[in-house]
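Enquirer: Next up is a structure, given as structure tokens.
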Amino acid sequence: ANWPEIRLEAAAQVDGAWLTAEVEAHVREGVARVHGAGIANPTVTNRALTRFAPWLAPYLVLRDPIALNAVARFGPGWKFTDVSTRVRGGRLDSRGVDITSTRGRIEIDRQGNFLASDAEVGAVENSARGSYWMNFFSRDFRILLTGQLRPADISGWFRSDWWPKFWTDFDFRAAPPRADVEVIGNYRDSSRTVYFGRADAT
């Protein structure tokens, strides 16, 4: 009766996990809003990352399902505008770095900006909270984190062995150092990386 405006509700089971979706669209203008919620199976998520963001996929190999609540918007002509998601997950392998819990808000827009905010990550005794921004096109990034970490535990994030070698003569068995840091840079040009921060160690 309201054509060309449509509203749809759907539910689906994907690899054993349930997802629901609500769609509001104006067909003539090609404008839509999609709200999705549910549990995403790690096999589905890992497959999607490998296909659409292959360079990022090794850093987000999920071991457990993730709970998500997302809203995606499409502008005139069905052009993607942005997506905003709240996620909560368990274990993941981040290029050899074992993460035990994750949660946060993720926003992506058509300009290629990726922002993870209100984020918390746990890994045994290591933990951090803060935000991570990057642009998929320019590969610029900015990290704001506060928490505690044994540096050698994140060696997998570095492509050469300089990081674990640097920490060989440090012993943090008493407790992980606590730090508050900001890192700005570009993944294509390491010379542009700038680090600000402070750390306290026992």
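Enquirer: Send over the semi-axes of the stretch 109-202's equivalent ellipsoid, whole angstrom and largest first, taken as the square roots of 5 times the C-alpha gyration tensor eigenvalues.
Expert: They are 25, 17, 11 Å, listed from largest to smallest.
Enquirer: Using unit Cβ charges (K, R positive; D, E negative) and no other charged atoms, how large, in debye to the nearest 20, is the dipole of the stretch 103-195 about its Cα centre? Write down the numbers at each step before the final one.
Expert: Values: 13 positive and 13 negative charges, 38 e Å.
Here the stretch 103-195 has a charge dipole of around 180 debye.
Enquirer: For Lys165, what accessible area in Å² do you get when you roll a 1.4 Å probe over the heavy atoms of the protein chains, rounding to the nearest 10?
Expert: About 130 Å², rounded to the nearest 10.
Enquirer: Turning to a different aspect of this structure: Could you give the spread of the C-alpha atoms of the stretch 33-125 along their three principal axes, from largest to smallest, in whole angstroms?
Expert: Answer, in whole Å and largest first: 47, 24, 22 Å.
Enquirer: I'd like the orientation of helix 42-52 relative to the chain: the angle between its Cα long axis and the longest Cα principal axis, in ° from 0 to 90, rounded to 10.
Expert: 90 degrees
Enquirer: Heavy-atom accessible area per residue, the chain, 1.4 Å probe: how many Å²? Could you put the intermediate results ahead of the total?
Expert: Values: 12950 Å² over 202 residues.
Solvent-accessible surface per residue comes out at 64 Å².
Enquirer: Which three semi-axes in whole Å describe the equivalent ellipsoid of the chain, each the square root of 5 times a Cα gyration tensor eigenvalue, listed largest first?
Expert: On the way: eigenvalues 277, 74, 41 Å².
Semi-axes from the Cα gyration tensor: 37, 19, 14 Å.
Enquirer: Under a GNM of the chain (C-alpha, springs under 10 Å), which listed residue has the highest mean-square fluctuation: Tyr187, Tyr132, Tyr59?
Expert: Comparing Tyr187, Tyr132, Tyr59 in a Gaussian network model of the chain, the most mobile one is Tyr187.
The values are calculated or read from the model by the stated rules, or taken from the named source; none is laboratory data. No experiment lies behind these values; they were computed from the predicted model shown. So basically every Cβ, Gly included, is an ideal-geometry build from the backbone, and we count neighbours across all protein chains shown. To get the accessible areas, we keep the full protein, side chains included, count just its heavy atoms, and leave off ligands, DNA and RNA. Shrake-Rupley method; radii C 1.70, N 1.55, O 1.52, S 1.80 Å.
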